[in-house]
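The structure appears below as structure tokens.
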Ligand code: ADP
Ligand code: ADP
């Protein structure tokens, strides 16, 4: 599970994230909802060990991400898919990632299939991909190590309606098999269809959190 406890991140005098606490439990999808600039990416980067907190803690299965024995096998991460692997083909990008993680390269074909990137797409360079294809490749990368936890920042960006519907099914299935999912969006409709719990953030602070049905009943 993911446990975020009183997490704060300042940039100079600017506070990006302030005193944020929440849990994500196995078997659930947690939707992390808030407008652009609310602090979602900064929080997710702290969970994944990419941005050090100013104070507070973020752990996965009881340890900070950087202290996990083989983090890619425990947590699948998708942050800013638009920035990744531009010069490689989709298949090369995943093959390199598999080698780094110590994952059997046969798994590359499996995850490409699972995210709907066929052989022709896998042979093209990532710089020629649409944002939706990059999101699919980013999700394939996240799934490569067969993790129990997924941390996905705005995974629906750039997906067409069919792609969004497909991704919801994949995340629902992942959680129904006991996985833990944290996904962010600036759009309620993208999280409400798949999330069990909502954590709502604005201006770096938690505005509300709880079961989706109870939160939306009060909205
Ligand atoms: P306390 O009961 O003292 O609030 P917890 O460790 O239970 O301490 O909760 C810490 C934070 O995590 C709180 O903000 C709480 O709302 C939130 N939280 C507690 N349980 C869950 C859960 N199952 N899923 C998501 N968030 C949770
Ligand atoms: P979101 O993901 O919800 O759009 P972010 O976490 O990206 O929000 O940003 C939260 C706030 O922190 C914003 O005001 C943003 O400008 C600021 N911020 C994020 N990263 C940095 C950084 N590296 N340096 C300075 N300010 C930053």
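Shape class of the chain from the alpha-carbon gyration tensor: prolate, with a/c at 1.5 or above and a/b greater than b/c.
Over all distinct Cα pairs, what is the inverse of the mean 1/r for the stretch 134-194, reported as the Kirkwood hydrodynamic radius in Å? Kirkwood hydrodynamic radius for the stretch 134-194: 11.8 Å. Fully extending the segment from residue 92 to residue 188, taken as 0.36 nm per residue of separation minus the present Cα-Cα distance, adds 31.1 nm. Contact order, relative form, for the stretch 23-71: 22 percent (alpha carbon pairs under 8 Å, 6 or more residues apart, mean separation divided by residue count). Peptide packing: for 123-129, 151-157, the average count of neighbouring Cβ atoms within 10 Å per residue gives the ranking 151-157, 123-129, highest mean first.
Annotation: the residues 95, 57, sorted from fewest to most other C-beta atoms within 10 Å of their own C-beta, follow the order 57, 95.
Across the stretch 108-203, the mean sequence separation of Cα contacts (distance under 8 Å, 6 or more residues apart), normalised by length, yields a relative contact order of 25 percent.
Using 0.36 nm per residue and subtracting the Cα-Cα separation, the extra length available between residue 172 and residue 61 on full extension is 37.9 nm. Structural descriptor for the chain: relative contact order 31 percent, calculated from alpha carbon pairs under 8 angstrom and at least 6 residues apart.
Ranked by the mean number of other Cβ atoms within 10 Å of their residues, highest first, the peptides 161-169, 28-36 come out as 28-36, 161-169.
Computed from the alpha carbon atoms alone, the convex hull of the stretch 5-107 holds 138 Å³ per residue. Rounded to whole Å, give me the distance from the Cα center of the stretch 1-79 to that of the stretch 100-172. What the calculation gives is 22 Å, centre to centre. With R₀ fixed at 25 Å, the C-beta to C-beta distance from residue 50 to residue 25 puts the FRET efficiency at about 0.60. Rounded to 0.05, the FRET efficiency of the residue 6 and residue 131 pair, given R0 = 41 Å and the Cβ-Cβ distance, is 0.75. For the pair residue 13 and residue 214, label points projected 7 Å from Cα toward Cβ lie 4.0 nm apart.
Computed from the coordinates by the stated procedures, all read-outs in this text should not be read as laboratory data. All values reported here derive from a predicted model rather than from experimental measurement. Counting neighbours? That spans all protein chains shown, and the Cβs are built from the backbone with ideal geometry, glycine included.
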